[in-house]
Structures are given as C-alpha cells and as structure tokens.
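Single-structure report; data block below.
The values are calculated or read from the model by the stated rules, or taken from the named source; none is laboratory data. The shown structure was predicted, so the numbers you read here are calculated from the model rather than taken from an experiment. Counting neighbours? That spans all protein chains shown, and the Cβs are built from the backbone with ideal geometry, glycine included. These area figures cover heavy atoms from the full protein model, side chains too; ligands, DNA and RNA do not enter into them. Shrake-Rupley method; radii C 1.70, N 1.55, O 1.52, S 1.80 Å.
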Amino acid sequence: AGAVPFHGEHQAGITTPAQDRLHFVAFDVITKDRDRLVAMLQEWTAAAARMTGGKDAGVIGAVGGMPEAPPDDTGEALGLPPSQLTLTVGFGATLFRDAQGRDRFGIAGRRPAALADLPHFAGDALRPEISGGDLCVQACANDPQVAVHAIRNLARIGMGVVSVRWSQLGFGRTSSTSRDQATPRNLFGFKDGTANLKAEDAGLLREQLWAQPDDGADWMTGGSYLVTRKIRMQIETWDRSSLAEQEQIVGRTKGGGAPLGRRDEFDEPDFAAKGDDGQPVIAVDSHVRLAHPTLNDGARLLRRGYNYVDGSDGLGRLDAGLFFMAYQRDPRRQFVPIQTRLARNDAMNEYLRHVSSGLFACPPGVRDAADWWGRTLF
Ligand code: HEM
C-alpha cells in the first residue's frame, strides 16, 4: 500500500513493478495558448506529486475549504493509502503539429524522429475516436479507486485547456516488469510477460528502453516511447479451440509457460527443434517465434499491458481483450518491425482485432519540486 517515489531520473510507472490496475487517458488540447498549456502541466505535476504520495490533489483538499467553492479534490480517495500509484505523462505527435498541420505551440521543430506515425498494419480495425491524442497519462495503482481518482482530478484541473479524448480501464496486469514478480496471465489463460524486459536488466534498458543523448531529440534523453494498442480478443472462439491448438499458437505451454519442447518457464525457446513428424516443435506462425528478438534484429519491448473487460457487446459476447502497452527507445526499430511481422503471420490473429492505437513520447523524470512535466520540451 506504500508510495512510489515521484521524482527521479526516469518517470515512475515504466520499470516500476507493474501494479494491478490501470486507468489510461488520452487528452486533446483545446487551447492555442502555450502559456495556459504550460501552466496546466505545472499544476498537473504538483497534483501528481501530491496524489502519488497519498495526498489530496490540491493543497486545501476535499474538505475544509470554503463551503461556497468546489473543493480542490474530488474526495473519493480520502482515507485510502497511496497504493503504489504512479502517473506517467506522454506527448502525442498531434501536440507538435495538429491534424490541420498547425504548429499551435511553437514546438513542431522539436518533434522527435522516433515519434513517427505508426504505419497501417494488416488487419487493423482502428477507431479514430479511441485512438491518438495530444497528451496521455497512465495511472497505475493497486487500488482501482486510487487510479480513477488521479485521472479524474487531472481532467478536472485541465478543464478549459484539455478535454478527454478517450480512456481505458484495465485490471490484472498482463506483464511482469521485475524478476520479483510472478508472471500473471492474460485472458487467453496464458502467462504473459515471461520474456519481457525487466527492471533488473540495466544494460538492456539502456540499449532498448531509454532514449539516449545521441538519439536526436535532446529533451527526450532519459525518456521512452509508449505504444498503446487496444486489442479485442475473440474470447468465445478461443475457448472452443483445443488446448493443443492454443499452445501451438502461443508457442508455450498453458500451465507452466515453458517454451514448447522445454521444461521451465524461463528456459530459452529452441526454434530449431523438430518433432517426430519432422515439423518444428515451435510452429513457424506461433506468436513467440515471430515476436522473438532473434527474428527482429534483437529488438525487445518493455510490455506493460492490462486485461480489460468493457462489459459485453450487445451480441452476447464479452467485450474483452488486452490493452497492450509497450515502452521502448525507438518504435521504428522495435514495435513497428515486430508488429509488422505479427500482423502478417501470427496464428493468433484469427482471435484478435486491434481497435485502438496510440503513440506517445514520455519525457524523462521530474527531478525535484521545481521541475515539471514537459519542462525539457517547452
Ligand atoms: C510474448 C500474448 C500481442 C509482443 C507473448 C506471450 C504471450 C503473449 C502469451 C508469451 C509469454 C511472454 O514471453 O510474455 C499476447 C496476446 C496478445 C499479444 C494475447 C494480444 C492480445 C502482442 C503484440 C506485440 C507482442 C501486439 C508487439 C507488437 C510480444 C513479445 C513477446 C511476446 C515481444 C516476447 C517474445 C519472446 O521474446 O519470447 N505474448 N501477445 N505481443 N509478445 Fe505478445
């Protein structure tokens, strides 16, 4: 129930051991006034520092202020512990140049090359109204009420400057981001996050996760790029497929999560192994083979996704899936090639539909009380 430090070299909520709950929100900026945007980011930062410490969003708080005025905190987290709340901010490409091509805030020249629009992938069924956004905030916590409270108060503070474009709730983290954590399961029932980048992999994190000084956008040094994909899962169809087929599709066993043909979860997959029938033990169109670094020029991701169930779809099916989130140093060399390969060949596609997509540049950490979200950019 403790607090995760808000200040640091990197933003919290990336290598922080993945919490259990998510409220993710994307905003559109509705003002053209750069000073108002900066003032809001400063106010957000102060509120975020307070809320991640288990305090009210504002200095006065939910109660105790003037009875005639709306309180500076909405109150539903009163008495709740910080619950490992982290708040992580990101900037979308449309903040630098909007859909009409306007440079509203004089920052078009500072758009990082790595923040290049994602290409269309085979099978994409993206809905624009739940994709993209000028700004995003990822709230993760071990109590859903704490995560929702944080997003609600940031939206309240941003009134007149930003409006909520879309948001997503998630539960049951589908990745572990630290070796201390047991690997959780996604809604297909498989362990998810086994071969993930982990907080302990210092060398790999430098190489694959954090933007470096020579990457081309100085203000992003120590930051990371976030790709979000809302992936609807055809749960009912999956549930009618055999266990053997499910394991072939993933390339791992459902129970223990070992690569097919190996014993333990953390054994390396042997992609060269052939079965008695002469066929590869791990199928050529299996998810783990196609997503593995050996097929993708060594590219890795820090996956940090969550399960979602948005009720049912009115046709008697669960509206459920994976809200995929992955952090990386450069999506052009990591998410894009991996997803291109998966979109073309992954046997799992029969059960998946990508309905929302987002790409955000998440700046480095807030250093101290005088620093604020976006200082290095503006
Ligand atoms: C591995 C499920 C989408 C990238 C895995 C594993 C499972 C899984 C069960 C094996 C355990 C593990 O190592 O974590 C799913 C499901 C998805 C999905 C159910 C969609 C609903 C994606 C997408 C990407 C991706 C969109 C990236 C474009 C990876 C990577 C690995 C992996 C990089 C590790 C491969 C390795 O190094 O062995 N996924 N995944 N996955 N997945 Fe996915």
| Positive dipole terminus of the range 110-202, leading residue within 138, 154, 193 (C-beta point charges) | 154
| field | Heavy-atom accessible area ranking, 1.4 Å probe, most first, across 322, 80 | value | 80, 322
| note | Here, trypsin sites (Lys or Arg not before Pro) of the range 6-79 satisfying both criteria (DSSP loop; at most 15 other Cβ within 10 Å) are 32
| field | Residue among 114, 141, 122 with the largest mean-square fluctuation in a Gaussian network model of the chain, springs linking Cα atoms under 10 Å | value | 122
| residue 7 accessible area, 1.4 Å probe, all protein chains in place, Å² to nearest 10 | 80 Å²
| task | Identify, among 2, 51, 63, the residue whose Cα sits farthest towards the positive end of the charge dipole of the range 1-74, taking +1 on the Cβ of Lys and Arg and -1 on the Cβ of Asp and Glu, with the dipole about the Cα centre. | result | 2
| request: Filter the GluC sites (Glu not before Pro) in the range 181-264 to those in DSSP coil with at most 14 other Cβ atoms within 10 Å of their Cβ, and list the result. | output: 200
| query | Tell me, what is the 1.4 Å probe accessible area of residue 312, in Å² to the nearest 10? | reply | 80 Å²
| Given labels modelled 7 Å from the Cα in the Cβ direction, how far is it in nm from residue 182 to residue 285? | 3.5 nm
| said: Restricted to Cα positions, what overall size does the range 153-312 have along the principal axes? Three whole-Å values, descending. | reply: 65, 45, 28
| note | One finds the C-alpha centres of the range 105-131 and the range 225-290 to be spaced, in Å, by 30 Å
| message | What percent of all Cα-Cα pairs in the range 146-199 falls into each 5 Å bin, going from 0 up to the bin containing the maximum distance? | response | 4, 17, 18, 13, 12, 13, 13, 8, 2
| message | Report the gain in length on full extension from residue 30 to residue 297: 0.36 nm times residue separation, minus Cα-Cα distance, nm rounded to one decimal. | response | 92.1 nm
| Spatial extent of the range 228-299: Rg and Dmax, with the Cα atoms as the point set, Å | 13.2, 40
| note | By accessible area (1.4 Å), largest first, 33, 73 order as 33, 73
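Ordering 89, 164 by how much accessible area each has at a 1.4 Å probe, largest first, what is the list?
Details: 89 0, 164 80 Å².
In descending accessible area the options line up as 164, 89.
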| task | Round to a whole angstrom and tell me the spacing of the C-alpha centers of the range 186-203 and the range 43-88. | result | 33 Å
| message | Please compute the length gained on full extension between residue 206 and residue 68, using 0.36 nm multiplied by the number of residues separating them and subtracting their Cα-Cα distance. | response | 44.5 nm
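Could you calculate the FRET efficiency of residue 371 with residue 273 from 1/(1 + (r/R0)^6), where r is the beta carbon distance between them and R0 is 56 Å, rounded to 0.05? Write down the numbers at each step before the final one.
Values: r = 51 Å, r/R0 = 0.92.
Step by step, r from the Cβ atoms, then E = 0.65.
Enumerate by residue number the chymotrypsin sites (Phe, Trp or Tyr not before Pro) in the range 263-339 meeting two conditions: DSSP loop (anything except H, G, I, E, B), and at most 16 other Cβ atoms within 10 Å of the site's Cβ.
Details: sites: 266, 271, 306, 308, 323, 324, 327, 335; in loops: 266, 271.
Counting only loop positions with at most 16 other Cβ atoms within 10 Å, the chymotrypsin sites (Phe, Trp or Tyr not before Pro) in the range 263-339 are 266.
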| field | Under the Karplus curve 6.51 cos²θ - 1.76 cosθ + 1.60, θ = phi - 60°, whole-Hz ³J(HN,Hα) for the range 370-378, x wherever Gly or Pro sits | value | 8, 7, 8, 4, x, 4, 5, 8, 8
| Roughly how many percent of the accessible protein surface of the chain is carbon and sulfur, given a 1.4 Å probe and a whole-percent answer? | 51 percent
